[in-house]
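Visitor: Input: one structure, supplied below.
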Amino acid sequence: MATYSTKVFDHGNYESFRPSYPNEFLELILSYHQGQTNRLLDVGCGTGQVTFPFSRYFTTSIGVDPSEGMISRCKAKSSSNQLEFYQGKAEDLNMISSASIDVLTAAECVHWMDPAGFLNEAARVLRPQGTLAFWLYLEPIFKDKVLNEIYHRYVMGDPTLMRPYWDEGKSRFYDWLKDATELISEDDRFENVEQVKFDQLNLPKDKWEQALKSRTLDGKPLLFLQKECTLEEFLAFINTYSPLPGWYRANEGAKGTDRDIVFRLETDLRSTGLWKNTQTITWDTMYCFAKKK
Ligand SMILES: C[S@@+](CC[C@H](N)C(=O)[O-])C[C@H]1O[C@@H](n2cnc3c(N)ncnc32)[C@H](O)[C@@H]1O
């Protein structure tokens, strides 16, 4: 957790590249919720990517994050007394009274949490018929197959590249993707579980293209995160990936040479002939909504 949050959040490139959540998605949560909107709780709030935009729908909005840096940034940005921020973990929300929250969000952070601890606290703080909404975005996917192959090879596919240097958060992403519905569906404190997983490369081509066009999958709205960028901008973003320092430590002397992982990635990206073109990338995403009984 420490590597990821300090590295990533200190990095301007990543911050500016990071996709933000479309308003339609926040409205989708509200249309699922259909209940009172007195109190929002956003756990793993980071610098308030959800807390601030979502707060306009609620009387009071509370952000919680274990990182002191994140919480002080939120407090510095907040001018309203309808916003509260606390340092803490989703598994121990002692600052929140039981059955007091209407909507609980956890954006791009559940993979850092102990699932049982998180669900226990979610079940405790939500009011009956309160909504739990958590979501993740995973890999950026290009429309171009060759670019996807290059990206996948550098990030996960080739064991001599980034793969061994990801911290546990990366694999826990995939565990959450696999287990989230099961975990919540089997938990008798929650009901009406809805999950939409947009795993693009595992969709048949026509279904994928249709999903990109309609922003829905099997009739359900997607959490749709898309960005236009050049490969040069994309490379600047990759340069902030958390396994790189580990790779450089293990490959001493490679930095700045033609063995340098980023140099090799740039060479491979340039060799596609697409370096100057603008690319559209769309993230793999999943979201899960559930109601507290
Ligand atoms: C990638 S950031 C996501 C921030 C923001 N929610 C967003 O959507 O951009 C992950 C956040 O999870 C926080 N985090 C890590 N472990 C946590 C835990 N056990 N409980 C709550 N938040 C946690 C980190 O401090 C970090 O701010």
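Visitor: How about region 46-76: which of its residues are surrounded by fewer than 18 Cβ atoms within 10 Å (Cβ to Cβ), under 23 Å from residue 16 (Cα atoms) and more than 11 Å from the ligand (Cβ to nearest atom)?
Guide: Those that are surrounded by fewer than 18 Cβ atoms within 10 Å (Cβ to Cβ), under 23 Å from residue 16 (Cα atoms) and more than 11 Å from the ligand (Cβ to nearest atom): 72, 75, 76.
Visitor: (1) modelled with pLDDT under 90; (2) farther than 18 Å from residue 66 by Cβ: which one isn't true of residue 133, the others all being true?
Guide: Only one criterion in (1) modelled with pLDDT under 90; (2) farther than 18 Å from residue 66 by Cβ is unmet by residue 133, namely (1).
Visitor: Do you know which of the residues in region 119-131 that are under 13 Å from residue 187 (Cα atoms) and among the aliphatic types (A, V, I, L, M) is farthest from the chain's Cα centre (by Cα)?
Guide: For region 119-131, the residue satisfying everything is 123.
Visitor: Against the condition more than 30 Å from residue 232 (Cα to Cα), at pLDDT below 95 and within 12 Å of the ligand (Cβ to nearest atom), how does residue 5 come out, does it pass?
Guide: Against the criterion (more than 30 Å from residue 232 (Cα to Cα), at pLDDT below 95 and within 12 Å of the ligand (Cβ to nearest atom)), residue 5 does not qualify.
Visitor: Residues of region 118-144 being away from the ligand (no atom under 12 Å from the Cβ) and not in a strand (DSSP E or B), which ones?
Guide: 119, 120, 123, 124, 125, 143, 144 - these are the residues of region 118-144 that are away from the ligand (no atom under 12 Å from the Cβ) and not in a strand (DSSP E or B).
Visitor: Is it the case, given these coordinates, that residue 79 is modelled with pLDDT under 95, in a loop (DSSP other than H, G, I, E, B) and away from the ligand (no atom under 15 Å from the Cβ)?
Guide: Criteria met by residue 79.
A quick yes/no check of all residues on (1) more than 17 Å from residue 166 (Cβ to Cβ); (2) out of contact with any Gly (no Cβ under 9 Å at 6 or more places or on another chain); (3) surrounded by 11 or more Cβ atoms within 10 Å (Cβ to Cβ):
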site: 241; (1), (2), (3): no, yes, yes
site: 244; (1), (2), (3): no, yes, yes
site: 253; (1), (2), (3): yes, yes, no
site: 258; (1), (2), (3): yes, yes, no
site: 265; (1), (2), (3): no, yes, yes
site: 278; (1), (2), (3): yes, yes, no
site: 282; (1), (2), (3): yes, yes, yes
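Visitor: Something else about it: Take the residues of region 82-117 that are among the acidic types (Asp, Glu) and more than 11 Å from the ligand (Cβ to nearest atom): which is farthest from residue 185 (Cα to Cα)?
Guide: Of everything passing the filter in region 82-117, 84 is farthest from residue 185 (Cα to Cα).
Visitor: Here's a follow-up. Kindly list, by first and then second residue, each pair from a residue in region 78-96 that is more than 20 Å from residue 126 (Cβ to Cβ) to a residue that is of a type in the set (D, E, K, R) and within 15 Å of the ligand (Cβ to nearest atom), limited to pairs with Cβ atoms under 9 Å and residues at least 6 apart or on different chains.
Guide: Close Cβ pairs satisfying both conditions: 87/65; 87/68.
The values are calculated or read from the model by the stated rules, or taken from the named source; none is laboratory data. What you see is a predicted model, and the numbers here were worked out from it, not measured in a lab. Counting neighbours? That spans all protein chains shown, and the Cβs are built from the backbone with ideal geometry, glycine included.
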